[in-house]
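The values are calculated or read from the model by the stated rules, or taken from the named source; none is laboratory data. Everything quoted here is computed from the prediction, not taken from an experiment. Because the Cβ atoms are built from the backbone with ideal geometry, glycine has one as well, and the counts that use them run over all protein chains shown. Remember, those area values only see protein heavy atoms, side chains included, never the ligands or the DNA or RNA. Shrake-Rupley method; radii C 1.70, N 1.55, O 1.52, S 1.80 Å.
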Amino acid sequence: MSVVTNTTTIGAIEAPSRRNTELAMLAFAVIIPVFAYANVGLAKDGSLPAGMLGYGLGLSLLAGVAHLMVRKFAPYADPLMLPLATLLNGLGLVLIWRLDLEPTITTDALGGAMAPKQMIWSALGVALFLGVLLFLKDHRVLQRYTYISMVVALVLLILPMFFPAKFGARIWITIPGVGSLQPAEFAKIIIAIFFAGYLMVKRDALALASRRFMGMYLPRGRDLGPILAIWALSLMILIFETDLGTSLLFFGLFVIMLYVATERTSWVVFGLTLSAAGAVGVASFASHVQSRVENWLNPLALQDGGVTETAQAVYAFGSGGLFGSGLGQGYSRLIGGIAPKSDYILATVGEEMGLTGLMAIILLYGLLIERGVRTALAARDPFGKLLAIGLSGAFALQVFVVAGGVTGVIPLTGMTMPFLAQGGSSVIANWALIAILLRISDTARRPAPAPAPTSDAEMTQVVRP
Amino acid sequence: MNKPLRRVAIFCGLLILALLVRVNWVQYVKADELAKDPNNRRVLIDRYAHKRGDIIVDGKAITGSKESRSGDFKFQRTYKDGAMWAPVTGFTSQRMGSNQIESIEDDILTGTDDRLFFDRTLSMFTGDKKQGGHVVTTLNGAAQRAAYKGLGSRKGAVAAIDPKTGAILALASTPSYDPSKVAGNTDEDVKNWQKYEKDPDKPTTNRALRETYPPGSTFKVVTAAAALEHGLYDDVDAKTESPLPWRLPLSTKNLVNDGNHPCENASLRVALQWSCNTVFGKIGADLDNDKMLETAEKFGFNEQQFVPVRSNASVFSKDMDKAQTALSSIGQFNTAATPLQMAMVTAAIANDGRLMKPYMIDRLTDPNLDVLERTSPEEMSTPLSPENAQKLQEMMETVVNEGTGTKAKIPNVTVGGKTGTAQHGVDNSEKPYAWFISYAKTEQGSPVAVAVVVEDDNANREDISGGGLAAPIAKDVMQAVLDREK
């Protein structure tokens with residue numbers, strides 16, 4: 001199966017740019033968080049909050065500039081991704097601001113008010129988004145940096161080992177005077193670029209040159225190398241950085257991209273076997289993994305006579321019920337520390353917006369992932385396909401790992417909910433991720449250039465309905 | 001590559017589906033259980049998030065609510081005349097829990113009772129703050145004040161009952177404590193509580209319900225009732241077979257009287273008038289343990305009372321020999337009674353032999369004072385026939401008119417009573433308790449029966465006598481009730 005036969009060309013029909021749809025959706029994406037902001041103020045003080053106008057204008061400005069840039073530089077891009085990201089980011093800001101109003105979790109020792117900082121990070125994120133759209137005219141350029149990406153990703157992943165652990169996990173790089181950085185968030189994008197470039201080149205070799213064993217296609221030893229390397233890296237992250245989430249994310253990402261590239265189910269089986277073996281192996285001796293699993297199995301168990309963070313989050317969800325207490329009227333601050341604003345931000349959503357609100361948020365993420373996968377389907381080049389599915393897959397896995405951890409589907413891991421949770425690295429990296437997806441979708445949906453008059457081009461272009 | 005892409009899309013969909021199923025499980029299926037889990041602090045926060053319903057006496061609230069100074073609980077309890085009403089209300093504290101009415105009627109007061117469901121639903125729509133219902137008590141503010149003031153700085157307790165219904169009119173205990181000082185969630189509240197708990201005078205003990213004292217001579221009315229009921233004597237003015245001195249059966253000891261009174265072969269009336277130990281001791285020995293026990297238990301002895309606050313069981317022992325029965329029959333030996341129990345004895349006699357079940361909650365209401373539940377008076381037993389009850393009343397009225405209880409006399413009102421000075425401690429080494437039980441009677445029957453006990457470390461031994469210390473308090477309480485009746 002060659003590259004060319006899979007490429008779908010839409011043909012000469014002019015596809016609508018859908019930019020006006022995007023603008024209309026963006027209006028909702030700005031208005032909903034502004035209403036939420038007003039809601040918090042009314043619930044807390046009985047009056048509209050003073051910062052509402054500034055917040056509304058700020059969010060409108062970010063969304064407006066982003067929209068204009070998309071209109072100019074990626075006119076055929078997917079119309080929903082920007083509004084979805086804006087809405088999630090906007091709601092995240094409201095939730096963080098709402099939690100800032102709780103004095104017990106906004107002490108100076110805990111870093112004080114987080115919303116203003118998060119607003120700046122969001123602006124930086126949008127700036128990076130614009131930068132990517134502006135300077136990355138064609139995503140295929142990234143293919144040139146395949147091996148550089150690998151080195152950068154490895155450095156980013158290994159670096160936190162040399163910095164002190166924070167909040168129980170070694171996932172931070174502390175730069176004195178600037179703050180701390182969560183390199184895994186950026187590594188997620190860069191490693192997807194590496195995988196996409198690497199697999200595009202190697203996929204035929206991986207797919208075809210395999211031995212059949214018990215009905216399964218097993219890879220050759222020399223093709224096995226990179227897979228085992230990634231597997232070892234994931235385990236190392238798990239062991240040395242005590243970061244279950246990142247490790248799961250990278251391995252899952254690799255398995256997904258490998259599967260898409262080779263179309264071999266046996267790779268999925270092989271990958272899952274490896275990860276299961278690794279997870280069981282590590283869990284049998286790493287105490288922090290065991291305690292996480294213990295906490296997951298008995299979320300309400302008391303620890304030293306006290307209610308654990310996990311239990312507080314579960315109580316927050318339960319107390320929210322179907323419709324929630326209303327924004328600003330819940331008690332997710334009981335979780336304590338900065339956790340309600342970061343890892344456990346969904347607990348606030350669940351308690352204050354109820355099951356309906358939480359399901360809506362999860363569906364927003366689902367929709368964003370769906371748009372990403374659709375972009376992968378629509379992409380015309382294999383690198384674009386692989387990169388798009390890699391980024392969407394990473395996003396999906398992250399959403400599942402965080403939301404699943406907080407709600408108790410899987411043991412809790414320390415990762416942040418994209419766009420929603422407090423954290424600069426996360427919001428900046430995810431805006432970049434959305435920008436790359438928009439760039440790929442713009443390329444995919446852009447009308448095919450008029451067929452060149454050369455007979456050479458005629459021969460190589462195959463049109464499939 | 002599109003086939004695996006579609007499969008990955010389905011996989012991502014399954015991840016989202018798993019999340020949706022899980023949040024439905026947590027927030028819908030398990031929601032109620034989690035929301036009510038005792039470790040979920042929201043339960044407590046919600047409990048104190050709105051004003052608690054009040055406990056009401058004479059149409060006025062004796063409790064209130066104010067905003068807490070610190071912490072995440074919004075409202076805390078306040079009490080008006082907290083120390084005076086503490087034996088009635090009990091306390092409710094954000095840190096130390098609650099007791100008595102505050103605990104028993106907690107569902108009504110916090111508004112979580114099922115009967116308040118409609119109010120809760122309504123306030124959900126009107127946007128009003130949730131409110132608790134109220135507890136309307138049977139107590140009489142003036143009687144309570146008279147009892148509390150009368151006890152003053154002395155240790156003691158008063159219980160007053162309406163004999164016709166069993167409604168409790170006064171329930172005082174001193175020294176008392178101010179439940180306002182322990183209502184909050186601060187360390188100061190804890191410190192106050194510890195101070196109260198460590199106090200050797202036990203201010204948090206509800207003496208009227210929970211302390212049993214040897215009833216001393218006041219128990220002789222029970223013995224007299226037993227004598228009449230079991231037919232030992234019929235005529236209260238006929239001579240009894242009571243030698244003086246009288247030796248305790250199977251013993252080398254004589255039972256002595258307190259002072260030189262005409263107790264030899266004295267009639268029941270004279271014996272009660274002068275509180276003759278020899279006469280009533282011998283009645284006890286003659287009737288024997290079983291018959292005494294039967295009458296005592298009809299009056300409520302050996303049984304806890306729930307008014308609805310629990311009152312300790314008063315004691316009249318089983319399986320005693322004749323000498324022990326004789327001593328028990330004059331309120332010594334093992335015999336012990338709560339002030340409430342002695343008020344019940346008095347009330348049964350004043351109500352012509354019918355003992356009404358004592359209660360102190362008249363009705364439970366919703367926040368708008370509409371009645372949810374009303375307590376109706378209930379007969380508990382009939383320890384005496386009406387004739388015998390009237391005979392006993394005559395005897396008790398003689399005590400007040402001509403005997404040891406003259407200090408309880410109220411002009412133009414029939415008052416019957418009995419004094420008691422109960423010895424206790426090894427060889428009577430400790431200061432005795434002064435008792436007085438009495439009732440007042442008008443043409444409409446008896447509106448009040450009262451029992452007073454004073455344990456006073458500071459008084460001279462001679463001063464401690466029911467007639468001297470306790471009778472004036474009983475008189476004031478009865479007077480307060482009579483004034484209200486008019």
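For the protein assembly as shown, the 222 nm mean residue ellipticity estimated from helices alone, with every DSSP H stretch of n ≥ 4 adding -39500 (n - 2.57) and the total spread over all residues, rounds to -16500 deg cm²/dmol. Within chain A, what's the longest stretch lacking chymotrypsin sites (Phe, Trp or Tyr not before Pro) that sit in DSSP loops with no more than 13 other Cβ atoms inside 10 Å? Between exposed loop sites, the widest span is A:1-166. Given points 7 Å out from each Cα along the Cα-Cβ axis, report the B:Arg310 to A:Ala301 separation in nanometres with one decimal. Simple spin-label model gives 3.5 nm for this pair.
Segment B:92-145 and segment B:241-293 have Cα centres lying 52 Å from one another. Note on B:Glu387 and B:Val21: with the Förster distance fixed at 60 Å, the Cβ-Cβ geometry gives a FRET efficiency of about 0.15.
Close amide H partners of B:Ser65, meaning residues 5 or more places away or on another chain with modelled amide H under 5 Å apart, are B:Thr78. Solvent exposure of chain A, expressed per residue, is 41 Å² of accessible area, with all protein chains present and a 1.4 angstrom probe. Across segment A:3-449, Cα pairs under 8 Å and at least six residues apart give a relative contact order of 25 percent. Would you please state which residues of segment B:95-121 a label at A:Thr356 would reach in this model, taking the label point 7 Å out along Cα→Cβ and a backbone N cut-off of under 20 Å? Of the residues in segment B:95-121, B:121 have backbone N under 20 Å from the label point off A:Thr356.
Computed from Cα atoms alone, the Kirkwood hydrodynamic radius reported for the protein assembly as shown is 34.1 Å. Here's the picture: charge each Lys and Arg Cβ at +1 and each Asp and Glu Cβ at -1 in the protein assembly as shown, and of B:Ile349, A:Ile96, B:Phe118 the one pushed furthest to the positive end of that dipole is A:Ile96.
Mind giving me the FRET efficiency for A:Leu110 and A:Ala229? R0 is 45 Å, r the Cβ-Cβ distance, nearest 0.05 is fine. Efficiency computed from Cβ-Cβ geometry: 0.70.
Of A:Ala66, A:Ala196, B:Gly166, whose Cα points farthest to the positive end of the dipole of the protein assembly as shown (charges on the beta-carbon: +1 Lys, Arg; -1 Asp, Glu; origin at the Cα centre)? Most positive-ward Cα: A:Ala196.
Cross-link pairs exceeding 24 Å between alpha carbons, from the set B:Lys198/B:Lys431; B:Lys409/B:Lys431; B:Lys239/B:Lys431: B:Lys409/B:Lys431; B:Lys239/B:Lys431. The simple Förster model, with R0 at 35 Å and r as the Cβ-Cβ distance, assigns A:Leu57 and B:Met124 a FRET efficiency of 0.45.
Distance between the C-alpha centres of segment A:259-288 and segment B:206-240: 88 Å, rounded to the whole angstrom. The modelled label-to-label distance for the pair B:Thr442/B:Asp187, using points 7 Å beyond Cα in the direction of Cβ, is 5.6 nm.
Close Lys pairs in chain A, defined as Cα atoms under 27 Å apart and 8 or more places apart or on different chains, number 16. Annotation for B:Phe117 and A:Ala127: the two label points, set 7 Å from Cα along the Cα-Cβ direction, are 5.9 nm apart.
For the protein assembly as shown, the Cys residues with no second cysteine's beta carbon closer than 4.7 Å are B:Cys12.
Here segment A:3-449 exposes an accessible surface that is 70 percent carbon and sulfur, computed with a 1.4 Å probe and the other protein chains kept in place. Figure note: A:Leu199, A:Leu156 ranked by solvent-accessible area, largest first, 1.4 Å probe, ligands and nucleic acids not counted: A:Leu156, A:Leu199.
For segment B:329-338, 3J(HN,Hα) computed residue by residue from phi via the Karplus equation (6.51, -1.76, 1.60; θ = phi - 60°) reads 6, 9, x, 10, 6, 7, 4, 8, 9, 7 Hz, glycine and proline entered as x.
Calculate I(q)/I(0) for chain B by the Debye formula, one identical point scatterer on each C-alpha and no solvent, and give its log10 at q = 0.06, 0.12 Å⁻¹ to two decimals. Summing over Cα pairs of chain B leads to -0.34, -1.00. In this Cβ point-charge picture (+1 for Lys and Arg, -1 for Asp and Glu), the protein assembly as shown has a dipole of about 4940 debye about its Cα centre. Annotation note: trypsin sites (Lys or Arg not before Pro) in segment B:170-254 located in DSSP loop regions with a Cβ neighbour count of at most 13 within 10 Å are B:Lys239, B:Lys253. Heavy atoms of chains B and A lose about 3600 Å² of accessible surface on contact, summed over both sides with a 1.4 Å probe.
How many angstrom lie between the C-alpha centres of segment B:310-357 and segment B:366-439? Each part's Cα centre sits 12 Å from the other's. Computed with a 1.4 Å probe on the full set of protein chains, the accessible area for A:Leu62 sits at about 40 Å².
If the chain linking B:Glu67 and B:Asn39 were pulled fully straight, counting 0.36 nm for each residue of separation and taking away their Cα-Cα distance, it would gain 7.7 nm. Length available on full extension from A:Asp45 to A:Arg446: 0.36 nm per residue minus the Cα-Cα distance, which gives 139.4 nm. For segment A:3-449, the Stokes-Einstein estimate of translational diffusion at 25 °C and a viscosity of 0.890 mPa s comes to 108 µm²/s, using the Kirkwood hydrodynamic radius over alpha-carbon pairs.
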